[in-house]
Amino acid sequence: MEVIDCDKRIVASVDALDLSCKRKIDLVVLHCSATPDGRDVSAADIRRWHLERGFADIGYHFVVRLDGTVEVGRAIGRTGAHCKGYNRHSIGICYIGGADALLRSKDTRTPQQKLALAMLLEKIRGVYPDAVVKKHKELSATDCPGF
Ligand SMILES: [Zn+2]
């Protein structure tokens, strides 16, 4: 069964993550890559874009691909660069998508991304039970993450 294989892969990618770090984490911020619906983009791609913008590394700690695979971005022990004023004590998660073909904000989460996000947030809650989950747009003037 294709669906079961897919779920197993997502479970494996989330299980493999090490979420421990010395930073105090009380916030998780959800982002999108603001790339068109259906275009697959990797953590390596975003890292390259962010380095070109002068960041020290990819700004997000985790990236959720179209197929639900969770990739590690910036090491969780290091302060991210994803939500001005909230980076020091938060974890930044980016799902790939969030825009239509004309780059207008849109919820493009695939079923696999929804499953992966739910599993990742559950795992984060297990390690940081006090962490609050917010969408980027709840903290800044932005349409991100499009839902
Ligand atoms: Zn964002």
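The values are calculated or read from the model by the stated rules, or taken from the named source; none is laboratory data. Please read these numbers as outputs of a predicted model, since none were measured by experiment. Heads up, the Cβs are rebuilt from the backbone with ideal geometry, glycines too, and the neighbour counts pull from every protein chain shown. Keep in mind that these areas ignore ligands, DNA and RNA; they rest on the heavy atoms of the full protein, side chains included. Shrake-Rupley method; radii C 1.70, N 1.55, O 1.52, S 1.80 Å.
Taking all protein chains as they are arranged and a probe of 1.4 Å, the heavy atoms of Cys21 leave approximately 30 Å² accessible to solvent. Normalised per residue, the accessible area of the chain is 52 Å², obtained with a 1.4 Å probe and no contribution from ligands, DNA or RNA. Each of Val11, Gly59, Asn87 was placed along the dipole of the chain (beta-carbon charges, centred on the mean Cα), and the one lying farthest toward the positive end is Asn87.
The Arg9 and Glu122 beta-carbon pair, evaluated with R₀ = 22 Å, returns a calculated FRET efficiency of approximately 0.80. Please count, across the chain, the pairs of lysine residues with Cα atoms under 15 Å apart that sit 8 or more places apart or on different chains. Here the count comes out as 9.
Both numbers refer to the Cα atoms of the chain; Rg and Dmax are 14.3, 45 Å.
Semi-axis lengths, largest first, of the ellipsoid equivalent to the range 65-109 are 24, 15, 7 Å, with √(5λ) applied to each eigenvalue of the Cα gyration tensor. Bridge orientation summary for the chain: considering DSSP beta bridges with both residues in this region, about 20 percent are antiparallel.
Of the accessible area of the chain, computed with a 1.4 Å probe over protein heavy atoms only, carbon and sulfur atoms account for 53 percent.
Only one residue of Ser140, Ser20, Ser33 has its Cα farthest out toward the positive end of the dipole of the chain, where Lys and Arg carry +1 and Asp and Glu -1 on Cβ, and that residue is Ser140.
Placing +1 on the Cβ of every Lys and Arg and -1 on the Cβ of every Asp and Glu, with nothing else charged, gives the range 41-147 a dipole about its Cα centre of roughly 180 debye.
Structure remark: mean-square fluctuation, Gaussian network model of the chain, C-alpha springs under 10 Å; the largest value among Leu103, Leu120, Leu27 belongs to Leu103.
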